[in-house]
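Single-structure report; data block below.
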Amino acid sequence: MPQRPAKCFFASLWIGAAALVLWSIGSGCVRRPEPDLAEPRPAYKGLFVLNEGQWTLSNASLDVVSSEAYYEDAYRAVNGRPLGDVANHWLREGDTLWIVLNGSRLLRCLSLPDLKERYTVKFPPSASPREIVRYSPTKAYVNSLLDSTVYRLDPRTGELTPPHIRVQNWSESLLLAAGRLWVTCGNYAYPARNDKLACIDPEGDSVLYYLTLPRQNPGPLVELPNGELLVGCRGNYADEKGLLVHADPYRGTITRTVELTTSVYRLARYGSEIYMLTDSGVSRYDWQGGAVDYTFLSRSRLGIPAHELLYGFAYDSTSNQWIVANAKAGGVRGELIFIEPTGALRRQPVGVFPSRILRYP
């Protein structure tokens with residue numbers, strides 16, 4: 001999901017590139033006061049919330065919501081500095097949390113549960129890091145939107161390990177599946193466009209082939225329970241809506257396509273079920289039958305007006321709750337909406353552009 005230069009594209013996914021670029025420039029002129037820093041805690045547990053923040057304002061943040069308290073900007077409280085500019089993605093493995101910062105061109109590695117920084121990777125000025133996957137104890141990958149590169153690094157130390165892998169622009173999502181590394185190569189900003197899924201051999205660190213997709217602007221990517229890949233093609237956000245593409249990762253072929261009545265911004269798998277973030281809200285996809293339930297967690301059910309930006313979602317199996325991240329009008333503090341098992345809604349204020357949610361431990 002795009003930014004300015006990476007961020008304006010990310011925001012454009014929600015209400016159209018041209019309109020939101022104008023809006024984001026205006027909203028970026030308003031700088032909210034920095035929060036009072038609480039004393040750092042020896043351990044943070046509960047729901048971790050990654051707030052993307054606004055391009056150039058370095059107001060990305062990591063919040064923690066526990067049953068006892070809400071810890072705003074916990075990374076800054078622990079480490080004494082802002083998290084950075086545009087927090088795009090994260091990866092947690094055991095007691096390690098990596099956070100990709102697109103605007104700052106950083107990868108921060110934190111220890112859990114104290115959130116202390118272990119190391120920071122600084123990418124080249126040409127880079128625009130997007131997502132991270134770990135292939136082995138000694139090899140991880142971070143794709144870059146703007147410079148046609150998938151960067152290799154040692155996840156133990158953060159050392160970049162060239163030669164890196166060249167791919168077509170504009171690389172969006174990154175997935176390790178079927179022993180291969182998969183990169184969606186989508187649009188960045190008008191008139192740029194692409195419609196490719198790159199297949200990379202992580203042993204040889206080379207592109208094996210590109211699968212041409214039947215619609216432009218591929219973005220989110222997930223592995224289905226049957227081993228196929230599901231690609232969300234976002235179209236042009238105007239007269240061309242989203243398309244779901246099933247791909248066989250072993251044959252490199254397309255097995256099915258499903259037309260959508262909205263755009264698609266995120267895909268997630270929970271058990272054997274697939275869910276999507278769409279213009280309608282959180283939608284459920286029957287990957288076997290091909291039906292889409294746009295009413296699953298609709299805007300009307302969540303009480304979210306059309307002008308507010310749904311930015312992420314998660315299912316928390318510990319509390320048996322769905323959680324939806326609402327960025328509201330953008331450039332202001334967002335909120336998490338908790339859907340209780342009874343169907344009741346509970347709201348929790350969080351940072352600017354809340355995007356990703358995970359539970360630790």
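Some notes on this structure:
- Yes/no for Val264 being surrounded by 13 or more Cβ atoms within 10 Å (Cβ to Cβ) and farther than 24 Å from Ala325 by Cα: no
- Qualifying positions in the stretch 79-96 - on the phi > 0 side of the Ramachandran plot and in contact with a Gly (Cβ under 8 Å, 6 or more places away or on another chain): Gly84, Val86
- Residue check, Gly281 under 19 Å from the mean Cα position of the chain (by Cα) and farther than 17 Å from Val222 by Cβ: yes
- Residue in the stretch 166-174 that is of a type in the set (A, V, I, L, M, F, W, C), within 23 Å of Thr120 (Cβ to Cβ) and out of contact with any Ser or Thr (no Cβ under 9 Å at 6 or more places or on another chain) present: no
- Every residue from the stretch 104-151 that is within 24 Å of Val167 (Cβ to Cβ), of a type in the set (A, V, I, L, M, F, W, C) and assigned to a loop (DSSP other than H, G, I, E, B): Phe123, Ala127, Leu145, Leu146
- Highlighted here are the strands (runs of 3 or more DSSP E) found entirely within the stretch 295-361 that include at least 1 residues which are touching an Asp or Glu at 6+ places or on another chain (Cβ under 9 Å) and farther than 15 Å from Leu62 by Cβ: 310-316, 321-326, 333-339, 345-352.
This table checks each residue for (1) touching a helix residue (DSSP H, G or I) at 6+ places or on another chain (Cβ under 7 Å); (2) farther than 23 Å from Tyr360 by Cα; (3) open to solvent by less than 40 Å² (accessible area, probe 1.4 Å); (4) modelled with pLDDT under 95.
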| residue | (1), (2), (3), (4) |
| --- | --- |
| Arg108 | no, no, yes, no |
| Leu115 | yes, no, yes, no |
| Tyr119 | no, no, yes, no |
| Lys122 | no, yes, no, no |
| Pro125 | no, yes, no, no |
| Pro129 | no, yes, yes, no |
| Arg134 | no, no, no, no |
| Tyr141 | no, yes, yes, no |
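- Taking every residue in the stretch 340-359 that is modelled with pLDDT of 95 or more and pairing it with any residue that is open to solvent by 50 Å² or more (accessible area, probe 1.4 Å) and of a type in the set (Val, Ile, Thr), at least 6 positions away or on another chain, the pairs with Cβ-Cβ distances below 7 Å are Val352/Val332; Arg359/Thr318.
- Pro40 passes every criterion in (1) more than 26 Å from Asn217 (Cα to Cα); (2) at pLDDT 95 or above; (3) surrounded by 15 or more Cβ atoms within 10 Å (Cβ to Cβ) apart from (2).
- Number of the condition not met by Glu340 [criteria: (1) open to solvent by less than 20 Å² (accessible area, probe 1.4 Å); (2) under 21 Å from Ser66 (Cα atoms)]: (1)
- Cross-chain or 6+ apart pairs with Cβ under 7 Å, the stretch 209-236 first and touching a residue at least 40 places away in the same chain (Cβ under 8 Å) and β-branched (Val, Ile, Thr), then open to solvent by less than 40 Å² (accessible area, probe 1.4 Å) and in a loop (DSSP other than H, G, I, E, B): Val231/Leu213
- Selection from the stretch 242-255 of residues that are part of a strand (DSSP E or B) and either crowded, with 22+ Cβ neighbours inside 10 Å or not charged (D, E, K, R) (or both): Leu243, Leu244, Val245, His246, Ala247, Thr253, Ile254, Thr255
- For the stretch 256-270, filtering for residues that are assigned to a loop (DSSP other than H, G, I, E, B) and either among the charged types (D, E, K, R) or touching a residue at least 40 places away in the same chain (Cβ under 8 Å) (or both) leaves 1.
- Among residues of the stretch 43-78 being among the small types (Gly, Ala, Ser) and either part of a loop (DSSP other than H, G, I, E, B) or at positive phi (or both), the one that is most open to solvent (accessible area, probe 1.4 Å) is Ser67.
- Test for Arg301: is it in contact with a Ser or Thr (Cβ under 8 Å, 6 or more places away or on another chain) and open to solvent by less than 10 Å² (accessible area, probe 1.4 Å): no
The values are calculated or read from the model by the stated rules, or taken from the named source; none is laboratory data. Quick caveat: nothing in here was measured; it's all calculated off a predicted structure. Note: ideal-geometry Cβ built from the backbone for every residue, glycine included; neighbour counts use all protein chains shown. Areas reflect the complete protein model, heavy atoms only, side chains present, ligands, DNA and RNA absent. Shrake-Rupley method; radii C 1.70, N 1.55, O 1.52, S 1.80 Å.
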